[in-house]
1. Listed residues Ala362, Ala319; which is under 25 Å from the mean Cα position of the chain (by Cα) and either hydrophobic (A, V, I, L, M, F, W, C) or within 26 Å of Asp271 (Cα to Cα) (or both)?
2. Every residue in the stretch 101-133 that is assigned to a loop (DSSP other than H, G, I, E, B), among the polar types (S, T, N, Q) and crowded, with 20+ Cβ neighbours inside 10 Å, please.
3. So which residues in the stretch 379-421 are of a type in the set (Lys, Arg) and either buried (at least 20 other Cβ atoms within 10 Å of the Cβ) or in a loop (DSSP other than H, G, I, E, B) (or both)?
4. Listed residues Lys52, Lys57; which is over 23 Å from the mean Cα position of the chain (by Cα) and either more than 30 Å from Thr164 (Cα to Cα) or among the acidic types (Asp, Glu) (or both)?
5. Which members of the stretch 301-329 meet the condition of being among the charged types (D, E, K, R) and part of a loop (DSSP other than H, G, I, E, B)?
6. Which condition breaks for Glu55 when tested against (1) among the charged types (D, E, K, R); (2) assigned to a loop (DSSP other than H, G, I, E, B); (3) touching a Lys or Arg at 6+ places or on another chain (Cβ under 7 Å)?
7. Specify the residue that is surrounded by the most Cβ atoms within 10 Å (Cβ to Cβ); the eligible residues are those in the stretch 22-53 that are among the hydrophobic types (A, V, I, L, M, F, W, C), in contact with a strand residue (DSSP E or B) (Cβ under 6 Å, 6 or more places away or on another chain) and within 28 Å of Cys416 (Cβ to Cβ).
8. Could you look through the stretch 154-167, keep only residues that are surrounded by fewer than 19 Cβ atoms within 10 Å (Cβ to Cβ) and touching a helix residue (DSSP H, G or I) at 6+ places or on another chain (Cβ under 9 Å), and pick out the one that is farthest from Thr222 (Cα to Cα)?
Amino acid sequence: MKKNIATPPVRKGGIYSLDIVSLGHSGEGVGRVEDFTVFVPQALPGEKVKAKIIEVKKNYAKGVLLTVESASPRRITAKCPIYKSCGGCQLQHLTYEGQLESKRQTVVDAITRIGKLDGVPVHATLGCTEPWYYRNKMQFPVGLTDGTVVAGCFAQGTHTIIPTTECTIQHQANNVILQEVQAALHEFGISVYDENTGTGLVRHVLGRVGVATGEVMVVLVTAAKHLPYKEQIIDRLKNRILGLVSVIQNVNGRKTNVIMGEETQTLWGRDTITDRLGDFNFAISARSFFQVNTVQAEVLYKKALEYADLSGQEVVIDAYCGTGTISLFLAQKAKKVYGIEIVEPAICDARLNAERNQVKNAEFIVGDAVDVLPRLFKEGLRPDVIVVDPPRAGCDRQVLETFVNMKPQRIVYVSCNPSSLARDLAVLNEQGYETQEVQPVDMFPQTYHIEVVALLEKK
């Protein structure tokens, strides 16, 4: 006989009064109706709200906030005028102090509930001195609204562009790019891409800023190579964007949601801009990976270096090394650093960054950590310290097993996903590596995203 499945106590379209008890991992308020979970974006713990249910699942429902009947003392007015429709930020309605505490709690919850690890010290989140206008990279779609060229974020859950001239988390130089490119396209009558018909030319506008140097790059992503009024557009941008050193065109002729295509050419100026982290200079191309918050990236890497506790005699592996940013920080105090990364262009950038900064004790290896680490182990490599900064999904089980087999004294785990971090810390704990402390770092103010550095030591 089939077991009866209880009917959810809420219905789609219904309006309910809710007490918000916590924040979910994506920044939404969590309320309950008869112990049935309802997620309400932009609601805060301690508030009583009215919400309209827009989706009902077996174990939870989603609602939209209608009114706040009793407000949290930490509720503030969002700085951005399109905050409620954009979706790029989730926490502008919460004081920055509240954001930092919420992010720490997210990490604590993951470690205790998913990792089943009790008593692990999780420090207060290291916040930004300036939690606005911090993003050094911008990429916005371009389109038409009532016959006018517009660029900006997509409205949440849609492909409808919200016309934007200022994003409050973008570096101000990127906001100038956003304004000036829209004006140039309008002035010269350049067609913009329509993703429904596949017609039109300009698809996206990208901006990159060297925060420490003031250097600026503009990237126009187009559906075809020919760009009308190219010289006039370049002259206009040169005259109006302070610090501009590079204008790039990327060609993406495919009917796809992927932003950039394979063909990139420099229309004017340099192929790269330069930014600095600590004592190191990094060349950043249109397609290079570089942490979007330059100031907090330095905080993150210095914490990883502190946890590595190097004296100058250690051999270090930097798994998932990307373009080698953490590797260079480690190389300052290590005898030798081996960086491993599956993306070949990133390894090319890592080698160039090492050469540019005259770092001679870092070696970079192209390949999947799942394959490279066991090979290095068979070849006799026994690192003293392993630093790992994996993708959101965390480490493959085989990678963790190889870490354990290599028997390093310390493992420094950098993560952008508390859930996969907690899972991997639990695996390593079973294999003899105890988590000593965890440090959250706020790389993305106004959003729910959080970076974490964990220190593990051999028991």
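1. Ala319
2. Thr125
3. Residues satisfying the conditions are Arg382, Arg392, Lys407, Arg410.
4. When all the criteria are applied, what remains is Lys57.
5. Asp309, Glu314
6. Of everything listed in (1) among the charged types (D, E, K, R); (2) assigned to a loop (DSSP other than H, G, I, E, B); (3) touching a Lys or Arg at 6+ places or on another chain (Cβ under 7 Å), Glu55 misses just condition (2).
7. Of everything passing the filter in the stretch 22-53, Ala43 is surrounded by the most Cβ atoms within 10 Å (Cβ to Cβ).
8. Gln156
The values are calculated or read from the model by the stated rules, or taken from the named source; none is laboratory data. Note that this is a predicted model, so its numbers are computed, not measured. Reconstructed Cβ throughout: ideal geometry from the backbone, glycine too, with neighbour counts over all protein chains shown.
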